[in-house]
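Working notes for the structure below.
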Amino acid sequence: MHQLTLAEIARGLADKKFSSEELTKVLLARIAQLDPQLNSFISLTEDLALTQAKAADARRANGESGALLGAPIAHKDLFCTQGIRTSCGSKMLDNFKAPYDATVVAKLAAAGAVTLGKTNMDEFAMGSANESSYYGAVKNPWNLEHVPGGSSGGSAAAVAARLLPAATGTDTGGSIRQPAALTNLTGLKPTYGRVSRWGMIAYASSLDQGGPMARTAEDCAILLQGMAGFDPNDSTSIDEPVPDYSASLNGSLQGLRIGVPKEYFSAGLDPRIAELIHNSVKELQKLGAVIKEISLPNMQHAIPAYYVIAPAEASSNLSRFDGVRFGYRCEDPKNLEDLYKRSRGEGFGAEVQRRIMVGAYALSAGYYDAYYLKAQKIRRLIKNDFMAAFNEVDIILGPTTPNPAWKLGAKNSDPVAAYLEDVYTITANLAGLPGLSMPAGFVDGLPVGVQLLAPYFQEGRLLNVAHQYQLNTDWHTRTPQGF
Ligand code: GLN
């Protein structure tokens, strides 16, 4: 049962092959048995899950239907869940029970999804390896000595290990696509504004976007359908109709123009990954796509610009965690200053403190123009590159990451080495574009992802291309040994 995808679960529930309650019990038992190896959950919500599963079964018995009605999922632990710990992977929020549900959580619950728990993540979503979590590192089910990627590493490892069929993630600079690539999943970062950020604990507000992580594009379509839509509570939510994503999966790729940026194949890319990307291009050509070389000339500036803008926004967003209003408070503060300093010093981990310092520096009066403003100008140039490229092509294709999953601890002493892994993903966040990563093969037994980018609100096109690719390849069906 644990091998079933969301689409298969929906059919099984509709055909009364099993109930949501039965399925939920099977998966909770599997999590109890296997998750100690992975550490992919921060909290389990067994009681809520069983209540939701029974309610979904009752709704089906009353004649209701729906692809998510009774479907087990989990939420990255930065989506607020009413009455349930929402830790953001941090000691700072270890004792925080959210007073309300995030819009995404509420929408999925209303559609009948069953929440099994809250998944592990890099502290405040800062990281690419899920090693900065207060709750310990997450292991990659493909090789337990390797990282699963981050920051949505818990969601990725859990879905890849078949502990559940799908989970939510968030992507500020790649945190859905990169862990999806490193664990052989399909993950989609929607257009900025497509999915409500209300109740999602903010990292960098102009970049953050929630999205689905699953094993197939078909399942990402189902989960995205439940997440997307206008929300008056989020001032950057966009009032655009939500198309039927599942209906978009079967379009023909005949004549689809795919752009492959020449800058993607420069020195930093593992040549074995480059070969797998070329293979996926050939596969799509067989399906009728036309390939065109394009250029994204400002891509080289993306990492420095992102690592100014994201920390700048983070330093502002995280100022609310002061030992007074939320979360951790130090013992016996001597005075107000001591309370602030020690609560923040003890509550935040090293990477979060580093980002707050970098961000505060970049925003300080003397350096604002030189760093923050400059980075914003680069951001516009990167967006312009994409706009020019999308005049010529329908989709942009390339690797999701320059390397496969690295060993736990390998990049701990050198944060910049980890930042460089984001080279292919962060441009989509800077421009606000939708992007998807899907399985494209293996290097040394570790999964490799191919990334597709599309114009604003063309999530359906990304899912269509990925689904057609998955009908003709079987990388996404491979299961890690031992799971
Ligand atoms: N690795 C990037 C960072 O650390 C992206 C993280 C994310 O998308 N949340 O900022």
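The values are calculated or read from the model by the stated rules, or taken from the named source; none is laboratory data. Not measured: the values here are computed from a predicted model. Counting neighbours? That spans all protein chains shown, and the Cβs are built from the backbone with ideal geometry, glycine included.
Some notes on this structure:
- Residue ID - surrounded by the fewest Cβ atoms within 10 Å (Cβ to Cβ), chosen from residues in the stretch 368-393 that are among the acidic types (Asp, Glu) and outside any loop (DSSP other than H, G, I, E, B): 369
- Residue among 145, 123, 131 that is of a type in the set (D, E, K, R) and more than 13 Å from the ligand (Cβ to nearest atom): 145
- The stretch 58-116, subset surrounded by fewer than 20 Cβ atoms within 10 Å (Cβ to Cβ) and of a type in the set (D, E, K, R), residue nearest to residue 31 (Cα to Cα): 85
- Checking the stretch 434-447 against the condition returns a match, with at least one residue being within 16 Å of the ligand (Cβ to nearest atom) and not in a strand (DSSP E or B).
- No other residue among 211, 259, 187, 226 is in contact with a Lys or Arg (Cβ under 7 Å, 6 or more places away or on another chain) and assigned to a helix (DSSP H, G or I) apart from 226.
- Candidates in the stretch 276-314 are the residues that are of a type in the set (Asp, Glu) and in contact with a Ser or Thr (Cβ under 9 Å, 6 or more places away or on another chain); of these, the one that is nearest to residue 357 (Cα to Cα) is 313.
- Residues that are part of a loop (DSSP other than H, G, I, E, B), over 26 Å from residue 469 (Cα atoms) and at pLDDT 95 or above within the stretch 267-315 comprise 297, 298, listed in sequence order.
- Scanning the stretch 106-123 for residues that are closer than 20 Å to residue 225 by Cα and aliphatic (A, V, I, L, M) gives 106, 108, 109, 110, 111, 113, 114, 116.
- Test: residue in the stretch 232-255 that is within 16 Å of the ligand (Cβ to nearest atom) and either acidic (Asp, Glu) or part of a loop (DSSP other than H, G, I, E, B) (or both): no
- Only listed residue being among the hydrophobic types (A, V, I, L, M, F, W, C), touching a residue at least 40 places away in the same chain (Cβ under 8 Å) and within 13 Å of the ligand (Cβ to nearest atom), chosen from 222, 201: 201
- Within the stretch 317-347, considering residues that are away from the ligand (no atom under 15 Å from the Cβ), among the polar types (S, T, N, Q) and assigned to a helix (DSSP H, G or I), the one nearest to residue 364 (Cα to Cα): 319
- Matching residues, the stretch 448-460, being outside any helix (DSSP H, G or I) and more than 16 Å from the ligand (Cβ to nearest atom): 448, 450, 452, 454, 455, 456, 457, 458
- The residues of the stretch 416-429 that are within 9 Å of the ligand (Cβ to nearest atom) and either surrounded by fewer than 18 Cβ atoms within 10 Å (Cβ to Cβ) or charged (D, E, K, R) (or both), listed by number, are 421, 422.
- Among the candidates 241, 190, 148, the residue that is without any contact (Cβ under 8 Å) to a residue 24 or more places away in the chain and either farther than 27 Å from residue 29 by Cα or touching a Ser or Thr at 6+ places or on another chain (Cβ under 7 Å) (or both) is uniquely 241.
- Number of positions in the stretch 150-173 that are within 13 Å of the ligand (Cβ to nearest atom), in a loop (DSSP other than H, G, I, E, B) and touching a strand residue (DSSP E or B) at 6+ places or on another chain (Cβ under 8 Å): 3
- The set of residues in the stretch 352-367 being in contact (Cβ under 8 Å) with a residue 60 or more places away in the chain and surrounded by 18 or more Cβ atoms within 10 Å (Cβ to Cβ) consists of 352, 355.
- Residue match in the stretch 205-212 (condition: hydrophobic (A, V, I, L, M, F, W, C) and either away from the ligand (no atom under 16 Å from the Cβ) or without any contact (Cβ under 8 Å) to a residue 24 or more places away in the chain (or both)): no
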